[in-house]
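Report on the structure given below.
What follows draws every value from the coordinates through simple rules; no lab data is involved. Predicted model, so just to flag it, every value in this text is computed and none were measured. When we count neighbours, we look across all protein chains shown, and the Cβ atoms used for this are built from the backbone with ideal geometry, even at glycine.
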């Protein structure tokens with residue numbers, strides 16, 4: 001992982017936040033953490049559009065009927081902008097088919113979860129602009145810890 | 001543009017789902033959440049697949065366990 005040196009500028013932090021909101025994971029790519037960013041881009045995109053595929057774009061985004069869910073969907077940024085524009089265009093067409101309650105539920109949950117995950121992704125991308133930021137996800141096995149303590 | 005039509009139709013045609021399929025769709029969502037979470041937590045990216053798999057299995061088994069427990073409770077109280 002490429003670590004930036006020095007204190008991050010406000011412009012860089014803001015740019016990372018905005019880019020990370022628009023495309024979940026792109027903030028990490030811009031920070032130089034390409035592998036992590038690509039994994040995030042692929043997984044969030046597949047999950048979001050997998051959810052949309054279940055109910056169709058016309059049934060997935062309902063700001064008035066499912067307001068709180070929509071707030072979560074908005075956190076997915078660019079995906080939601082494309083999805084809601086497409087959904088509104090489809091809804092304006094005559095004879096459009098809407099999904100049943102179960103399929104609509106699944107689509108809304110999938111897209112909202114991606115939005116909530118993107119909040120974590122944005123926070124992580126912002127923290128990673130600081131060169132002192134260290135992730136603490138997996139503990140080393142006990143033997144390693146004992147040998148570290150001995151040394 | 002005509003070649004794109006079948007691909008675009010995937011995102012505009014609703015899928016008829018039953019209750020069981022509804023529940024089964026929780027599994028891929030758990031896997032996606034686990035991958036994203038572990039990607040953010042692990043310093044070394046080579047740790048991600050194993051950590052995400054472990055978390056996915058734990059979450060799915062826990063959900064099945066809670067489901068069975070609630071179902072048994074329902075049967076006892078019936």
**Request:** Grab the Cα-Cα distance for residue A:123 and residue A:22, subtract it from 0.36 nm times how many residues apart they are, and report the gain in nm with one decimal.
**Result:** 35.0 nm
**Message:** Sort A:94-101, B:71-78 by packing, meaning the average of other beta carbons within 10 Å per residue, with the highest value first.
**Reply:** A:94-101, B:71-78
**Request:** For chain A, with a Gaussian network of springs between Cα atoms less than 10 Å apart, report the residue from A:45, A:67, A:129 with the top mean-square fluctuation.
**Result:** A:67
**Request:** Please give the calculated 222 nm ellipticity per residue for chain A, where each DSSP H segment of at least 4 residues contributes -39500 (n - 2.57) and the sum is spread over every residue; nearest 500 deg cm²/dmol?
**Result:** -21500 deg cm²/dmol
**Prompt:** If you build a Gaussian network model of chain A, linking Cα atoms that sit under 10 Å apart, which residue out of A:18, A:119, A:134 swings the most?
**Reply:** A:134
**Prompt:** To the nearest 500 deg cm²/dmol, what mean residue ellipticity at 222 nm is calculated for chain B from DSSP H runs of n ≥ 4 alone, each contributing -39,500 (n - 2.57), summed and divided by the residues?
**Reply:** -24000 deg cm²/dmol
**Item:** chain B: most fluctuating residue of B:53, B:23, B:61 per GNM, C-alpha cutoff 10 Å
**Value:** B:23
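Hey, could you grab the Kirkwood Rh for the range B:20-77? Inverse mean 1/r over distinct alpha carbon pairs, Å, one decimal. Present the calculation step by step, with values, prior to reporting the outcome.
Numbers: mean 1/r = 0.0789 Å⁻¹.
Over the range B:20-77, the inverse of the mean reciprocal pair distance is 12.7 Å.
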**Message:** Along the Cα→Cβ direction, 7 angstrom out, place labels at residue B:60 and residue A:130. What is the inter-label distance in nm?
**Reply:** 3.7
**Prompt:** Cα axis of helix A:101-127 to longest principal axis of chain A: angle in degrees, 0 to 90, nearest 10?
**Reply:** 30
**Request:** Would you give the gap between the C-alpha center of the range A:9-37 and the C-alpha center of the range B:8-43, rounded to a whole Å?
**Result:** 24
**Item:** Per-selection Kirkwood Rh - chain A (Cα, Å, 1 d.p.)
**Value:** 17.2
**Request:** Return the average number of partner chain Cβ atoms within 10 angstrom of each residue Cβ along peptide A:42-49.
**Result:** 3
**Message:** Using a 10 Å cut-off around each Cβ of peptide A:102-113, what is the average number of partner chain Cβ atoms that fall inside?
**Reply:** 4
